[in-house]
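The values are calculated or read from the model by the stated rules, or taken from the named source; none is laboratory data. Computed from a predicted structure; not experimentally measured. Neighbour counts are summed over all protein chains in view; Cβ atoms, including those assigned to glycine, are modelled from backbone coordinates with ideal geometry. Please note that ligands, DNA and RNA were not included when accessible areas were found on the heavy atoms of the full protein model with its side chains. Shrake-Rupley method; radii C 1.70, N 1.55, O 1.52, S 1.80 Å.
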Amino acid sequence: MAKQAKEKQEKPIEVSLWESANKLRGSVEPSEYKHVVLGLIFLKFVSDKFEEHRSMLIADGKEKYVEMPEFYNMSNVFFLEEISRWNYIKEKAKQDDLALIIDTALHTIEKDNKSLKGALPDNYFSRLGLESSKLASLIDEISEINTLKDKEQDIVGRVYEYFLSKFALAEGKGKGEFYTPKSIVNLIAEMIEPYKGIIYDPACGSGGMFVQSIKFIESHHGNKREVSIYGQEYTNTTYKLAKMNLAIRGISANLGAKAANTFSDDQHKDLKADYIMANPPFNQKDWRAEDELIDDPRWRGYDVPPKSNANYGWILNMASKLSEDGVAGFILANGALSGGGEEYKIRRKLIENDLVEAILVLPRNMFYTTDISVTLWILNRNKTVRTTQVGSEERNYRHRKGEILFMDLRQMGEPFEKKFTQFSIDDIRQVATTYHDWQTSVLENVSEAFNQEEYCYSASREEVETRDFALVPSKYIAFKNRDENIDFDEKMKTLQSEFKKLLQSEEESKKELLNVFKGLGYEL
C-alpha cells in the first residue's frame, strides 16, 4: 500500500518572514528588518481588509459603491486607491522603481486617512536603497500570507516581537523591550475586566494591550465605544507602529502628541484611569539622573524610586494615575517583589496604603525575548464593600482591605511553538474565576477557602508584615511534599538494583578492555 503523503507542516508566519527578511542581509541593517517587514505587512493587511469588504459590497448587490470611500469608512475599513492595493504592488514587483511604488502607496493611504496621520513611514523604502530583487522576494513571501485568517491574532504585534527576539542578542538591544504575549494580556483583561472607562498603558509598545482589551470587550458583548484609550511610547518607530496597529483595527487612541519618555515627559499628566494594563521594561537602569525627578508628584507620599532600577518608578506612575475605583494589572520582573532600600520602603507603603490586591507568579518561557519568570501585579484603589455593574453582571464585592491574594501559576500553561509556554483558555478562566470568587466570597473564613497548595493563598496584612513586606508568593503558598508518600524501602531497593546493574556493566567493560590490550601484546 502506498504510503500516505505526510501533511506539509505550515511554517509560522513570523519564521517565514524572518527568513525572507534575512535575505536583505548586506543591503540593510538587521535592526531595520522589522520596519521593512511591518510596513509591508501593514499594506497587505489593509489591502486584505479592503478586498474583503469590497467582496461583501458586491455580494450585497452594491457594485456601484465599490469605489466610494464612504462605504468603507463607515465600517472602519480604509478605502484604498488602486495604487495602494496589494495586487497593484505585486504586479509591479519586478520593476526597478518598486521602492518608490511602495512609498507612494503608503503616502497615499496616510493622506486619505486622517487617523493614520504621522503613523506611516515617509519615503522610507526609497531611502533604504534596497535591491529591487530582494524587495520583490519579500513581496512574494508576504503575498502568501492571509492576514485575516486568524482574526483573534495581533499579527503586527506578533511579528514585531519575533523580530525583536531575533536581533536582541545580536545587537545587545531589545533588552527589556517585550511584546506581551496574547495569553498574558488576555489573563490581565479577564481579571481586571476593562468594560467601561479609561484604559491607560504607560509603555504601550506596539499597542498590543489595547488590541486585546478591545477583543475582550467584543468577546463579552460589551460596547467598545464606552472605553477611551490612552498610551505613551518612548521609541518613535514603535510609537508610529502603535498608531498604525490601532488604526487598522479602527481603534481610536490618544498616544500623546509625540513619542516621549513617560518619566521625563509625561504626555498624560492629569489622567485618571479606570484600568491600567502594562508591561513596562524590566529592571531599567539609569532611567533618571541623580538629581532628576526628585520632587515628581507621582511619588508624592512615597520615597523617590532609585535611579538604579525603574521598576518602582513604573509602579508609582501607575498608582498615581488610578481613579478612585481604578485597577491596574501589570507585569514586572520577580526582583521587585523583595528588593531592599528605597524599593522596600515604597513596597511597604503600597501595602500599608492597601493598594496591592493580588500577586501572581507566571510560568517561565512565556516571552520570545526572555525566559525569566515574571510576576503579574494587581493594584486596586477600592477594596471596600460595594455593588457595581461589571459587563452584564451585577457584582457584589466584599471588604478586602488588609488582604492580598497570592497565586502561583508556574504549574499552568501549555506548549506554544515547541519551546514556549502560553496559558490555555481553561487556565485563564480558572485564574480569573479564582480571583473574582475571592473578591466576592461570602464565606466566613476566606483565608482558609483560598489556601490551596501550590496555587493560592489569601494573606492578611499582618502575615505580610511578619514576612517583612516581601511579596514573593512562595513565602505564603504551601507546597506539596511530593516525597511524603514515597515508600523509602521500595525506593532504595529500586536504586540498589539499578546501581548493581551499572557496576556489573562497568566490570564487564573493564575485563573487555584488559583483554583487548592483552591481545595486542600490551598487557596492562
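My understanding is that a pair violates if its Cα-Cα distance is over 24 Å; which of 44/134; 111/215; 64/90 do that in this structure? If you can, show how the numbers build up before the last one.
On the way: 44/134 17 Å; 111/215 28 Å; 64/90 26 Å.
From 44/134; 111/215; 64/90, over 24 Å: 111/215; 64/90.
Give me the percent of DSSP beta bridges within the chain that run antiparallel, rounded to the nearest 5.
Working: 26 of 44 bridges.
About 60 percent, rounded to the nearest 5.
To the nearest 0.05, how large is the calculated FRET efficiency for residue 58 and residue 292 if R₀ is 60 Å and r is the Cβ-Cβ distance? Spell out each step's value before the answer.
On the way: r = 59 Å, r/R0 = 0.99.
Efficiency, rounded to the nearest 0.05: 0.50.
Nothing charged except the Cβ atoms of Lys and Arg (+1) and of Asp and Glu (-1): what's the magnitude of the dipole of the stretch 325-371 about its Cα centre? Round to the nearest 20 debye. List each step's numbers first, then the result.
Values: 5 positive and 7 negative charges, 35 e Å.
Using only the charged Cβ atoms, the result is roughly 160 debye.
For 63, 324, 403, what's the largest-to-smallest order of accessible area, 1.4 Å probe? Please report the intermediate quantities before stating the final value.
Details: 63 100, 324 155, 403 40 Å².
Sorted by accessible area, descending: 324, 63, 403.
Expressed in nm to one decimal, what extension gain is obtained for the pair residue 440 and residue 308 from 0.36 nm per residue of sequence separation less their Cα-Cα distance?
Details: separation 132, 0.36 × 132 = 47.52 nm, distance 3.93 nm.
Taking residue 440 through residue 308 to full extension adds about 43.6 nm, to one decimal.
As I understand it, the dipole of the chain uses +1 on the Cβ of Lys and Arg and -1 on the Cβ of Asp and Glu, about the Cα centre. Which of 120, 513, 65 lies farthest toward its positive end?
65
Under 1.5 on a/c is rounded, so check that first for the stretch 250-378, then, if it is not, pick prolate when a/b is larger than b/c and oblate when it is not; a ≥ b ≥ c are the square roots of the alpha carbon gyration tensor eigenvalues. Write down the numbers at each step before the final one.
Working: a/c = 1.24, a/b = 1.06, b/c = 1.16.
Rounded, because the longest to shortest axis ratio a/c is under 1.5.
Taking the alpha-carbon distance from residue 511 and a cut-off under 28 Å, which lysines remain once sequence neighbours fewer than 8 residues away in the same chain are dropped?
Here the lysines satisfying the reach criterion relative to residue 511 are 493, 500, 501.
Report residue 426's accessible area, 1.4 Å probe, all protein chains in place, as a number in Å² to the nearest 10.
Here the accessible area works out near 100 Å².
Spelling out what I want: for every residue of the stretch 119-135, take phi, set θ = phi - 60°, compute 6.51 cos²θ - 1.76 cosθ + 1.60 (Karplus), and round to whole Hz; glycine and proline get x.
Each residue of the stretch 119-135 in turn: 9, 9, x, 9, 6, 5, 5, 5, 5, 5, x, 6, 5, 4, 5, 6, 5 Hz.
Taking H placed 1.01 Å from N in the peptide plane, check which residues at least 5 places from residue 232 or on another chain put their amide H under 5 Å from its amide H.
Close amide H contacts, sequence-distant or interchain: 201, 203, 204.
At a Förster radius of 56 Å, what calculated FRET efficiency corresponds to the Cβ-Cβ distance of residue 114 and residue 502, to the nearest 0.05? Write down the numbers at each step before the final one.
Numbers: r = 75 Å, r/R0 = 1.34.
The pair residue 114/residue 502 has a calculated efficiency of 0.15.
Using only the heavy atoms of the protein chains and a 1.4 Å probe, how would 410, 400, 54, 300 rank by accessible area, largest first? Kindly include the intermediate steps, with their values, before the conclusion.
Details: 410 110, 400 0, 54 55, 300 180 Å².
So, going from the largest accessible area down, we get 300, 410, 54, 400.
Would you mind working out the magnitude of the charge dipole of the stretch 43-88 relative to its Cα centre, with +1 at each Lys and Arg C-beta and -1 at each Asp and Glu C-beta, to the nearest 20 Debye?
Details: 6 positive and 9 negative charges, 16 e Å.
Dipole size: approximately 80 debye.
How much area per residue is accessible in the stretch 184-338 when the probe is 1.4 Å and only protein heavy atoms are counted (Å²)? Walk me through the numbers before you get to the answer.
Details: 5700 Å² over 155 residues.
Value for the stretch 184-338: 37 Å² per residue.
Using +1 on the beta carbon of Lys and Arg, -1 on that of Asp and Glu, and nothing else charged, what's the dipole of the chain about the Cα centre, debye to 20?
Working: 72 positive and 85 negative charges, 124 e Å.
Once rounded to the nearest 20, the dipole reads 600 debye.
Leaving ligands, DNA and RNA out of it, report the carbon-plus-sulfur percent of the accessible area of the chain at a 1.4 Å probe.
Values: 12750 of 26920 Å².
Result for the chain: 47 percent of the exposed heavy-atom area is carbon or sulfur.
Just by accessible area at a 1.4 angstrom probe, what is the order of 293, 376 from largest to smallest? Write out the running numbers ahead of the final one.
Details: 293 35, 376 0 Å².
Descending order: 293, 376.
Take residue 454 and residue 27, extend 7 Å from each Cα along the Cα→Cβ direction, and tell me the distance between the two endpoints in nm.
About 5.2 nm separates the two model spin labels.
Take the alpha carbon gyration tensor of the chain, find the square roots of its eigenvalues, order them as a ≥ b ≥ c, and report rounded if a/c is under 1.5; if not, report prolate when a/b exceeds b/c, else oblate. Present the calculation step by step, with values, prior to reporting the outcome.
On the way: a/c = 1.81, a/b = 1.15, b/c = 1.58.
Since a/c reaches 1.5 but b/c is at least a/b, the shape of the chain is classed as oblate.
Using a 1.4 Å probe on the protein heavy atoms only, what accessible surface does residue 394 show? Give it in Å² to the nearest 10.
Accessible surface of residue 394 is approximately 120 Å².
Projecting each Cα onto the charge dipole of the chain (Lys/Arg +1, Asp/Glu -1 at the beta carbon, about the Cα centre), which of 431, 411, 136 comes out farthest on the positive side?
Working it through, the farthest residue towards the positive pole turns out to be 136.
Measure up 62/94; 240/285; 240/401; 92/149; 94/419 against 32 Å on the Cα-Cα distance and list the ones that go over. List each step's numbers first, then the result.
Working: 62/94 34 Å; 240/285 25 Å; 240/401 41 Å; 92/149 25 Å; 94/419 38 Å.
Over 32 Å Cα-Cα: 62/94; 240/401; 94/419.
What full-extension length gain, to one decimal in nm, is calculated for residue 146 and residue 51 as 0.36 nm per residue of separation minus the Cα-Cα distance?
Working: separation 95, 0.36 × 95 = 34.20 nm, distance 1.18 nm.
Full-extension gain reported as 33.0 nm.
Of 109, 257, 16, which is farthest along the charge dipole of the chain in the positive direction, counting Lys and Arg as +1 and Asp and Glu as -1 at C-beta?
Selected residue: 109.
If you stretched the chain out fully between residue 479 and residue 285, how much longer would it get, using 0.36 nm times the residue separation minus the C-alpha to C-alpha distance? If you can, show how the numbers build up before the last one.
Working: separation 194, 0.36 × 194 = 69.84 nm, distance 3.44 nm.
Taking 0.36 nm per residue and subtracting the Cα distance, the gain is 66.4 nm.
With a ≥ b ≥ c the root eigenvalues of the C-alpha gyration tensor of the stretch 1-133, is it rounded (a/c under 1.5), prolate (a/b larger than b/c) or oblate?
On the way: a/c = 2.19, a/b = 1.15, b/c = 1.90.
Here the stretch 1-133 falls in the oblate category.
Run the 1.4 Å probe and let me know the accessible area of residue 96, rounded to the nearest 10 Å².
140
Count charges around residue 501 for me, please; just the other residues with Cβ under 12 Å from its Cβ, Lys/Arg as +1, Asp/Glu as -1. Let's see the in-between values first.
Numbers: positive: 500; negative: 498, 506, 507, 508.
For residues surrounding residue 501, the net value is -3.
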